[in-house]
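Chemist: Quick one: the structure is below, questions incoming.
The values are calculated or read from the model by the stated rules, or taken from the named source; none is laboratory data. From a predicted model like this one, the values you see are computed outputs, not experimental measurements. As a convention, Cβ positions derive from the backbone with ideal geometry for all residues, glycine included, and neighbour counts pool all protein chains shown.
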Amino acid sequence: MEVKLSQRNEKKVEEIVKILKSKDTFLITSHINIDGDAIGSELALYICLKKLNKKVQIINNDKIPSIFKFLPFSQKIKTYFMTGKKVNFDAGIILDSGSLERVGNVKEIIKKIPFIINIDHHLTNSNFGNINWINPYFSSSGEMMYFLCDKLNKIDRNQAICLYTSILYDTCGFVHRVNKYTMEIAKRLIDKKINPEKIAQKIFYEKSIKSVNLFKLALNTLKFDRKRKICIMKIPLEFYKKTKTNEEHTEGFVDFLISIKGVEVGILFKEKKNGTKVSMRSKGKIDVESVARKFDGGGHREAAGCFLENKKIDEVESLIMEELKWTEY
Ligand code: AMP
Ligand code: MN
Ligand code: MN
């Protein structure tokens, strides 16, 4: 099957390729609470630029979650705390991040970079780059990165592992935002002799006992609303303490909520020291991105989030439920 970018997208890719070839030192980064799509995209691009003999660093706000450490070159990923702001780059490439604020403390480095390339598939993107390639029709940033990497040099097996991980992760195992083009790209990546079963097991089947213990506590908070169309779960700070866990151990919890028959929206409230993080998932009838956006968050129709600073978990629950009253289904 032929997969062809539209003229507009093709032009963007060409523009980005030109810039990448013309500059020498690059920063690659992505959003806070780094995820599989962001990491896979970063690494695939990192490999591309290394092949072109460029100087490249990947620096993120957060440490890489353990489940993604199987990815090739993942040990090259640094955090801002490891590098500090005393680093200089010709260009910064920001992937999978709807705004400059979302890169967290890496913004301190970005401020000094003269040229920014912004590549993203979120519905809400503030076009903060000197070049912006934004397209919400792609399943993942990894899918966009496939086209860019393909233009830069021949995609190798390591890159295929990274890109397949991005797509698999952001589609929640080929559930959300998939179409025949996404599947065709996944097929092409599998053709690079990667093991799709192994990657899926690494991402979805490696839950730690600690995470299960946290889930057991969280299950006690499960509540339904609006004739069981909305399902919510809460993780107050004390749950992390009791189970010696952190936010990393909540991976997959919100996806469980939406897996329940009849539930249209799943919402996970996670308390933090300085506020409450909200993760929302929808089967598609309700646009959770528009709800998240009301609280300065963002995402996609089926998966969105926001962070309410200095607000307690119960207050945030009331605010979100109030906002959801206006949604119809
Ligand atoms: P999460 O609930 O963290 O898994 O995020 C679901 C989707 O919403 C992802 O595409 C995130 O990038 C996006 N998202 C989450 N939190 C925010 C936020 N505070 N601002 C913008 N987008 C967000
Ligand atoms: Mn992401
Ligand atoms: Mn993404």
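Chemist: If the Cβ limit is 6 Å and pairs must be 6+ apart or interchain, which residue in region 89-111 that is small (Gly, Ala, Ser) pairs with which residue that is at pLDDT 95 or above and away from ligand 1 (no atom under 16 Å from the Cβ)?
Modeler: From region 89-111, the pairs are ALA91/LYS23; ALA91/PHE26; ALA91/PHE115; GLY92/LEU27; GLY92/ILE110; GLY92/ILE113; GLY92/ILE116.
Chemist: Listed residues ASP314, ASP255, ASP296; which is part of a loop (DSSP other than H, G, I, E, B) and among the acidic types (Asp, Glu)? Steps first, answer last, please.
Modeler: On the way: ASP314 fails: part of a loop (DSSP other than H, G, I, E, B); ASP255 fails: part of a loop (DSSP other than H, G, I, E, B).
ASP296 is the lone residue from the list that is part of a loop (DSSP other than H, G, I, E, B) and among the acidic types (Asp, Glu).
Chemist: Restricting the search to region 88-116, which residues are touching a Ser or Thr at 6+ places or on another chain (Cβ under 9 Å) and of a type in the set (A, V, I, L, M)?
Modeler: Those that are touching a Ser or Thr at 6+ places or on another chain (Cβ under 9 Å) and of a type in the set (A, V, I, L, M): ALA91, ILE93, ILE94, LEU95, LEU100, VAL103, VAL106, ILE109, ILE110.
Chemist: Let me ask another. LYS192 - would you say it is under 30 Å from GLU2 (Cβ atoms), modelled with pLDDT of 95 or more and part of a loop (DSSP other than H, G, I, E, B)?
Modeler: On the way: under 30 Å from GLU2 (Cβ atoms): yes; modelled with pLDDT of 95 or more: yes; part of a loop (DSSP other than H, G, I, E, B): yes.
Considered against the rule, which asks whether it is under 30 Å from GLU2 (Cβ atoms), modelled with pLDDT of 95 or more and part of a loop (DSSP other than H, G, I, E, B), LYS192 comes out as yes.
Chemist: Also, quick follow-up: Out of LEU319, LEU308, which single residue is in a helix (DSSP H, G or I) and of a type in the set (A, V, I, L, M)? Steps first, please.
Modeler: On the way: LEU308 fails: in a helix (DSSP H, G or I).
Just a single option satisfies the conditions, and that option is LEU319.
Chemist: Sticking with this one: Could you identify the single residue in ASP156, ASP96, ASP150 that is more than 17 Å from LYS55 (Cβ to Cβ), within 16 Å of ligand 3 (Cβ to nearest atom) and of a type in the set (Asp, Glu)? Steps first, answer last, please.
Modeler: Details: ASP156 fails: within 16 Å of ligand 3 (Cβ to nearest atom); ASP150 fails: within 16 Å of ligand 3 (Cβ to nearest atom).
Within the list ASP156, ASP96, ASP150, the selection yields ASP96.
Chemist: Kindly provide the set of residues from region 35-52 that are within 9 Å of ligand 3 (Cβ to nearest atom) and more than 16 Å from ILE117 (Cα to Cα), ordered by number. Steps first, answer last, please.
Modeler: Just the residues of region 35-52 that are within 9 Å of ligand 3 (Cβ to nearest atom), to begin with: 35-38, 41.
Hits for region 35-52 are ASP35, GLY36, ASP37.
Chemist: Take the residues in region 30-43 that are within 16 Å of ligand 1 (Cβ to nearest atom) and assigned to a helix (DSSP H, G or I); name whichever of them is nearest to TYR137 (Cα to Cα).
Modeler: Going through region 30-43, the residues within 16 Å of ligand 1 (Cβ to nearest atom) turn out to be 30-42.
Filter again for assigned to a helix (DSSP H, G or I), leaving 36-42.
Working: GLY36: 18, ASP37: 15, ALA38: 17, ILE39: 20, GLY40: 19, SER41: 17, GLU42: 20 Å.
The selected residue is ASP37.
Chemist: Is region 213-236 home to any residue that is touching a residue at least 24 places away in the same chain (Cβ under 8 Å) and under 27 Å from PHE73 (Cα atoms)?
Modeler: Looking through region 213-236, none of the residues is touching a residue at least 24 places away in the same chain (Cβ under 8 Å) and under 27 Å from PHE73 (Cα atoms).
Chemist: Now a separate question. Which of the residues spanning region 1-29 are of a type in the set (Ser, Thr, Tyr), out of contact with any helix residue (DSSP H, G or I) (no Cβ under 9 Å at 6 or more places or on another chain) and not in a loop (DSSP other than H, G, I, E, B)? Before you say what the answer is, go through the steps one by one.
Modeler: Residues of region 1-29 that are of a type in the set (Ser, Thr, Tyr), as a first pass: 6, 22, 25, 29.
So of that shortlist, the ones also out of contact with any helix residue (DSSP H, G or I) (no Cβ under 9 Å at 6 or more places or on another chain) come out as 6, 22, 25.
SER22, THR25 - these are the residues of region 1-29 that are of a type in the set (Ser, Thr, Tyr), out of contact with any helix residue (DSSP H, G or I) (no Cβ under 9 Å at 6 or more places or on another chain) and not in a loop (DSSP other than H, G, I, E, B).
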